[in-house]
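K.L.:
The structure is given below, and queries will be raised subsequently.
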Amino acid sequence: MRRQALILSTGLVLTVMALNSCTPQLGRSSDEQVIAAMTREEKVRLLVGTCKDWNLVPEPAPATIHRPPVPEGYWDNYQGNTATMKGKVSGAAGISYAIPRLGIPEIVFADGPVGLRIDSVCTAFPSTALLAATCDTELVYSIGRAIGEEMLYYGVDILLAPGINMMRNPLCGRNYEYMSSDPDIAGATAAAYIRGVQSMGVGACVKHFAVNNQETYRNGIDAQLSDSVLRGLYLRAFERVVKESQPWTVMSSYNKINGVYAAENKYLLTDILRGEWGFDGFVMTDWWAEEDPIRMQQAGNDMLMPGTDLQIDTLLAALEDGRLDEAVLDRNLMNVLRIIRRCPSFRNQGMTNPDGRSLEQMLQSHADLARRAAAKGMVLLKNDNNALPVSRSGQRVALLGKGSYDTYAGGTGSGCVTRAYTVMLSQALAEAGYVLDSVVASRYCGHIHHSRSVQPKESAWYMPYVSELEWSRSDLQNMAKTNDLCIITLQRMAGEGGDRHLTEGDYYLTSVERSLIRDAAEIFHKQGKPVVLLLNIGASVELTDVCMYPDAILLTWLPGQEAGHAITDVLTGTQLPQGKLPMPFYVRYEDVPSAANFPSSDGNPNIVIYREGFVQPERTLYPVGFGLTY
Ligand code: BGC
């Protein structure tokens, strides 16, 4: 009996082994053989991500989305495409489907672009607009490489970055994640960034392809523009990036272009991207893009992220009744497998630190890099009478502006990094030996603490509002007597999910801010003491009516976790500000070429017509390329 059982089980093992040895394996067999061995369901599942949290499906912009009909009761039983959901990297944005029997691992996608966004601590680098301002592609490359190192360490395969939509209008909420209003500046910077990321053997994803230059109605706005404007301006940075850095992946955008969703746009995704530019990676949708899965697959949108069961069911049904040709899926699978083979997850290389440094050592060296880069990309807009740099230490400073004590590292949304800390300007100046006016400091600290304590906690998607403090002229007179200089920080927050507003407190300064800058300048100047204005912002504000008052104006951007140190380095001259503006500051908002067509045109919230002309240099306060140094 026992002998018989042994023979039987040995036979079984051998049969399984024989079967296994015939089963194609990714990397060992050709991709065609691997695809041929897949079931239809496996094919579809691999082209649809494994949705983690269906609760996150955002409400579409009104009247801009055509949702496929959902059967009654569908949401009651919804499980998500959770077949392989393991939460491998907590906080990552998505995971692909694994087919272990064919040697296909799941791969992990996480945001970008100002650092890796997962639940664990990563480095918050300066905004990508600041990186573009450095004009230093080697430095940008090293930042990309550092992010790639953190990806490798934490087990992330694809970084959902960089974003290179044009800064068409200063009000776009995501400008801090983009690079420039000039396609060549954006293209060159992004190519260096991608080369850096990918030098670590992980992938980048250039986004959002294309013409996604606003957040308002981003899920359905129809961007109407001529082919020459499309190619010459809005595709040009993508073209440079594809040709110069071969990104592993591209993310299609939510919007329509000339009536067709970018995610369903064959002209864009196949004819131009692959046919003309030679892109050889895969295209994925932006998250929860709910366009038609069949049309997306046909257009060359290889992977649907983060993936829903509804997409799977729709694709399977379409294969069954002939609306979708299986050859389309096979073509898209070839693109996906080609990239999976390059991924650390395929190489079985999770949680590795290539040069053997500890996590702490790696993060420390990246923090140093973030500080150096942030200082280099700050743009000195004005420096009358060499007000900057200020002499080293021991100086008494009236440090004004809530942003001096609550300095913003970055913007909100999917580009917000889980960082260990943000260095406040007040903290860094004190460390450097400056003596801060304690009455001023304690009033700001109390005000900020109180304002934050009565609002929900700061999160990736929410920044508590803190108003600017008012100071009377007699307060300022007292400060001017007892301090050697005055530094004022003006700040603005912005991010994904909404555009900025053409209101006081956003694009325009409030009356409190204007009076503070004007009065402080007048009063400190009477004592022969300088006033420095710092701009802790992601994109421009209207400075036309205040720029004459301060002696120096320094655009510090959203400078990342080392904010305070980097600003102090520049104020003291330890680092030279070398940034050149990658987008202009306009004299008036009406001078922005897209002013009349942002975020929509002709009173129709669903359409934005790109009918603007060129920037008139004389209508800019500070043009692209402007930046002083010491
Ligand atoms: C954003 C993308 C991001 C994705 C994943 C979307 O809401 O538009 O830029 O990569 O979410 O987090």
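The values are calculated or read from the model by the stated rules, or taken from the named source; none is laboratory data. Since the structure is predicted, the reported quantities are computational estimates derived from the model, not experimental observations. We place every Cβ from the backbone using ideal geometry, glycine too, and count neighbours over all the protein chains shown.
K.L.:
Only one residue in Asp355, Asp384 is farther than 30 Å from Leu469 by Cα and among the acidic types (Asp, Glu). Which one? Break it down into steps so the answer makes sense when it comes.
P.N.:
Details: Asp384 fails: farther than 30 Å from Leu469 by Cα.
From the options Asp355, Asp384, the qualifying one is Asp355.
K.L.:
Here's a follow-up. Criterion first (in contact (Cβ under 8 Å) with a residue 24 or more places away in the chain, crowded, with 24+ Cβ neighbours inside 10 Å and in contact with a Leu (Cβ under 9 Å, 6 or more places away or on another chain)) does Ile523 satisfy it?
P.N.:
In short, no.
K.L.:
Moving on. Residues in segment 366-393 that are surrounded by 15 or more Cβ atoms within 10 Å (Cβ to Cβ) and hydroxyl-bearing (Ser, Thr, Tyr): how many?
P.N.:
0
K.L.:
What number goes with the only condition from (1) within 23 Å of the chain's Cα centre (by Cα); (2) not in a helix (DSSP H, G or I) that Val242 does not pass?
P.N.:
(2)
K.L.:
A further question follows. Among the residues of segment 267-290, which ones are farther than 21 Å from Leu159 by Cα and either in contact (Cβ under 8 Å) with a residue 60 or more places away in the chain or touching a His at 6+ places or on another chain (Cβ under 8 Å) (or both)?
P.N.:
Once the filter is applied, which keeps residues that are farther than 21 Å from Leu159 by Cα and either in contact (Cβ under 8 Å) with a residue 60 or more places away in the chain or touching a His at 6+ places or on another chain (Cβ under 8 Å) (or both), segment 267-290 yields only Glu290.
K.L.:
Still on this model: When you scan segment 293-314, do you find a residue that is among the acidic types (Asp, Glu), outside any helix (DSSP H, G or I) and buried (at least 16 other Cβ atoms within 10 Å of the Cβ), even just one?
P.N.:
yes
K.L.:
Return the residue satisfying two criteria in turn: it lies in segment 263-274 and is surrounded by 23 or more Cβ atoms within 10 Å (Cβ to Cβ) and in a helix (DSSP H, G or I), and of such residues it is nearest to the ligand (Cβ to nearest atom).
P.N.:
Among residues in segment 263-274 that are surrounded by 23 or more Cβ atoms within 10 Å (Cβ to Cβ) and in a helix (DSSP H, G or I), the one nearest to the ligand (Cβ to nearest atom) is Ala263.
K.L.:
Could you check, for segment 541-551, whether at least one of its residues is over 18 Å from Asn383 (Cα atoms), assigned to a helix (DSSP H, G or I) and either among the small types (Gly, Ala, Ser) or at pLDDT 95 or above (or both)?
P.N.:
The answer is no, given that none of the residues of segment 541-551 is over 18 Å from Asn383 (Cα atoms), assigned to a helix (DSSP H, G or I) and either among the small types (Gly, Ala, Ser) or at pLDDT 95 or above (or both).
K.L.:
Is there any pair with a first residue in segment 493-505 that is within 18 Å of Gly163 (Cβ to Cβ) and a second that is among the aromatic types (Phe, Trp, Tyr) and surrounded by 14 or more Cβ atoms within 10 Å (Cβ to Cβ) whose Cβ atoms are under 7 Å apart and which are 6 or more apart or on different chains, and what are they?
P.N.:
Met493/Tyr408; Ala494/Tyr176; Arg500/Tyr507
K.L.:
Now a separate question. Of the numbered conditions (1) in a helix (DSSP H, G or I); (2) within 18 Å of the chain's Cα centre (by Cα); (3) not polar (S, T, N, Q), Val229 fails exactly one; give the number of that condition.
P.N.:
Going through (1) in a helix (DSSP H, G or I); (2) within 18 Å of the chain's Cα centre (by Cα); (3) not polar (S, T, N, Q) one by one, Val229 breaks only (2).
Listed here are the residues, each with its yes/no results for (1) among the charged types (D, E, K, R); (2) touching an Asp or Glu at 6+ places or on another chain (Cβ under 7 Å); (3) within 16 Å of the ligand (Cβ to nearest atom); (4) in contact (Cβ under 8 Å) with a residue 12 or more places away in the chain.
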position: Arg295; (1), (2), (3), (4): yes, yes, no, yes
position: Asp309; (1), (2), (3), (4): yes, no, no, yes
position: Ile312; (1), (2), (3), (4): no, no, no, yes
position: Ala317; (1), (2), (3), (4): no, no, no, no
position: Val328; (1), (2), (3), (4): no, no, no, yes
position: Ile339; (1), (2), (3), (4): no, no, no, yes
position: Pro344; (1), (2), (3), (4): no, yes, no, yes
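K.L.:
If you don't mind, another one. In segment 208-223, what residues are of a type in the set (D, E, K, R) and within 14 Å of the ligand (Cβ to nearest atom)? Step through it out loud before you land on a result.
P.N.:
First, the residues of segment 208-223 that are of a type in the set (D, E, K, R): 215, 218, 222.
Glu215, Arg218, listed by residue number.
K.L.:
Sort through Thr352, Thr418, Thr412 and tell me the only one that's within 16 Å of the ligand (Cβ to nearest atom), surrounded by fewer than 20 Cβ atoms within 10 Å (Cβ to Cβ) and at pLDDT below 95.
P.N.:
It is Thr418.
K.L.:
Here is a check on your reading of the model: is Arg518 in contact (Cβ under 8 Å) with a residue 60 or more places away in the chain and either within 20 Å of Ser467 (Cα to Cα) or of a type in the set (Ser, Thr, Tyr) (or both)?
P.N.:
Answer is no for this residue.
K.L.:
Let me ask something additional. If you check Gly173 against the conditions, is it within 16 Å of the ligand (Cβ to nearest atom), within 24 Å of Met305 (Cα to Cα), out of contact with any Ser or Thr (no Cβ under 8 Å at 6 or more places or on another chain) and part of a loop (DSSP other than H, G, I, E, B)?
P.N.:
Spelling it out, Gly173 is indeed within 16 Å of the ligand (Cβ to nearest atom), within 24 Å of Met305 (Cα to Cα), out of contact with any Ser or Thr (no Cβ under 8 Å at 6 or more places or on another chain) and part of a loop (DSSP other than H, G, I, E, B).
K.L.:
Follow-up question, since we're still on this one. Pairs needed: first member in segment 403-418, at positive phi and in a loop (DSSP other than H, G, I, E, B); second member anywhere, surrounded by fewer than 24 Cβ atoms within 10 Å (Cβ to Cβ) and at pLDDT below 90; C-beta distance under 7 Å; at least 6 residues apart or different chains.
P.N.:
Once the first residue is at positive phi and in a loop (DSSP other than H, G, I, E, B) and sits in segment 403-418, its partners that are surrounded by fewer than 24 Cβ atoms within 10 Å (Cβ to Cβ) and at pLDDT below 90 give Gly413/Ala460; Gly413/Trp461; Gly413/Gly497.
K.L.:
Hey, does segment 275-284 have a residue that's more than 16 Å from the ligand (Cβ to nearest atom), among the aromatic types (Phe, Trp, Tyr), closer than 26 Å to Glu138 by Cβ and not in a helix (DSSP H, G or I)?
P.N.:
Within segment 275-284 (the criterion being more than 16 Å from the ligand (Cβ to nearest atom), among the aromatic types (Phe, Trp, Tyr), closer than 26 Å to Glu138 by Cβ and not in a helix (DSSP H, G or I)), the answer is yes, since at least one residue qualifies.
K.L.:
Of all residues in segment 166-189, which are touching a strand residue (DSSP E or B) at 6+ places or on another chain (Cβ under 9 Å) and in contact (Cβ under 8 Å) with a residue 60 or more places away in the chain?
P.N.:
Matches in segment 166-189: Pro170, Gly173, Arg174, Tyr176, Glu177, Met179.
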